[in-house]
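Notes to accompany the following structure.
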Amino acid sequence: MSHLNYNHLLYFWTVAKEGSIAKASDTLHITPQTISGQIKVLESSIGAPLFNRSGRGLTLSETGRMVNVYAEEIFSLGSELAQTIKSKTVANTKELVVGIVNSIPKLIAYRTLTPCLELDRDIKIICLEGDLEDLLAKLSVHKVELVLSDRPVPSGLSVKAYNHLLGESKISFFANKDIAERFSQGFPSSLDEASMLLPLTSSPLRRSLDDWFEDNNISPKIVAEFDDSALLKAFGKAGMGLFPAPDAISDHIEKMYNAKKIGTLDSVKESYYAISPERKLKHPGVKQITKFARSNIFM
C-alpha cells in the first residue's frame with residue numbers, strides 16, 4: 001500500500017460524516033467530481049472499497065469503518081494542535097504544583113496561595129492533598145514544588161527539603177452560634193465535659209491540645225476525630241460540638257461556618273511551613289506566597 005494522503009483522508013472523513021458526496025462537497029467547497037475521484041484513489045491505495053451505496057446516500061463498508069476510526073483520531077488531534085497553537089494563554093501557562101497537608105485548615109491554604117494568582121495570571125496552581133510523608137516523597141522526585149504543612153520536615157527522614165516558617169497562630173475554640181453563648185461564659189473551664197470535635201491524635205495540634213487539657217484539668221467529651229480540617233468544621237457548623245481553629249482566620253470561620261469564637265488559648269499555637277527542595281526560594285510564585293503569608297496572615 002502506498003503512503004496515505006492527508007487530503008484524501010480528509011475527503012473520505014467528511015463524506016463519512018455528511019453521508020453523501022454532495023453534502024461533503026458543500027462543506028469542503030470542492031466539486032463532487034474531485035471528491036469522488038480522490039476517494040477512488042484512496043480506495044485503490046487501501047485495496048478495498050470504503051463505502052456501500054444506500055439509496056441516495058453512502059454507508060461505510062467494514063474497511064471504511066476501520067479507516068474512519070483512525071481518521072477521527074487524526075483529525076481530533078489536528079484540531080487540538082491548532083487550538084493549542086492558537087491560544088497563547090494555554091501555551092504560556094505555567095504550573096505550580098503545591099502539596100497541602102490534609103490537617104492544614106483550608107482557609108489557611110487558600111489565603112496563603114491566592115497572592116500567587118494575583119501576582120501572575122499565567123500561573124496555574126495545582127493542589128494535591130495528603131499526609132506529610134507522602135507529599136515529601138513527591139517533593140523529592142519533583143512531582144510537587146512546594147508543600148504547605150503544619151509541622152516541619154520530620155528529623156531522620158532522608159529527604160532533601162528545607163523548612164520556611166510562614167508564621168504561627170494562637171488556637172481558639174468556636175461553636176455554632178446557637179450554642180456559643182453557653183460556653184463563652186466561664187471559658188475555659190466551660191470546656192470541661194463539653195462535646196468536642198478534634199483532629200486525630202497523630203496531629204501536632206491534637207497533641208498540644210491534649211497537653212493543655214491535662215494541665216488545666218479539663219476533660220472534654222470527644223464525639224468525633226478528623227483527618228480533614230474542613231470536615232471537622234462542617235460538623236461544627238451543624239452544632240455537633242465545639243471545635244478548635246487558628247485565631248488568624250477567626251473572622252472567616254465565623255462567617256463561613258455560622259460560628260462564634262468562644263475563647264482563645266494563649267499558650268496553644270500552631271505553626272505553618274512552606275517546605276521546598278531548595279534552601280533559598282527561587283520560584284516567583286513561591287516567593288510571593290511566603291512574603292504575603294508572613295506580612296498579612298500571621299502578623
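Against the condition under 21 Å from the mean Cα position of the chain (by Cα), of a type in the set (D, E) and at pLDDT below 85, how does D150 come out, does it pass? Give the derivation first.
Numbers: under 21 Å from the mean Cα position of the chain (by Cα): yes; of a type in the set (D, E): yes; at pLDDT below 85: no.
No.
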When you go through (1) within 22 Å of the chain's Cα centre (by Cα); (2) in the same structural domain as M256 (by TED's automatic domain parsing) one by one for L128, which number turns out not to apply? (2)
Just one of G156, G167 is touching a helix residue (DSSP H, G or I) at 6+ places or on another chain (Cβ under 7 Å) and not hydrophobic (A, V, I, L, M, F, W, C); which is it? G167
Restricting the search to the stretch 93-113, which residues are modelled with pLDDT of 80 or more and among the β-branched types (V, I, T)? V97, V98, I100, V101, I104, I108, T112
Quick check on the stretch 175-182. Is at least one of its residues in contact with a Pro (Cβ under 8 Å, 6 or more places away or on another chain) and surrounded by fewer than 15 Cβ atoms within 10 Å (Cβ to Cβ)? no
Any residue that is at pLDDT below 95, closer than 16 Å to I108 by Cβ, charged (D, E, K, R) and loosely packed, with under 15 Cβ neighbours inside 10 Å - is there at least one of those in the stretch 230-249? no
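Could you name every one of the helices (runs of 4 or more DSSP H) located completely within the stretch 172-241 that has at least 3 residues being closer than 21 Å to E270 by Cβ and either touching a strand residue (DSSP E or B) at 6+ places or on another chain (Cβ under 8 Å) or not assigned by TED's automatic domain parsing to the domain that holds M256 (or both)?
Details: elements: 177-184, 204-215, 229-237.
Helices (runs of 4 or more DSSP H) meeting the threshold: 204-215, 229-237.
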Going through (1) in contact with an Asp or Glu (Cβ under 6 Å, 6 or more places away or on another chain); (2) at pLDDT 85 or above; (3) among the hydroxyl-bearing types (S, T, Y) one by one, T59 fails only at (1)
If S190 meets every condition in (1) more than 27 Å from the chain's Cα centre (by Cα); (2) under 13 Å from G239 (Cα atoms) apart from one, which number is that one? (2)
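The values are calculated or read from the model by the stated rules, or taken from the named source; none is laboratory data. Everything numeric here is computed off the predicted structure, so don't read it as measured data. As a convention, Cβ positions derive from the backbone with ideal geometry for all residues, glycine included, and neighbour counts pool all protein chains shown.
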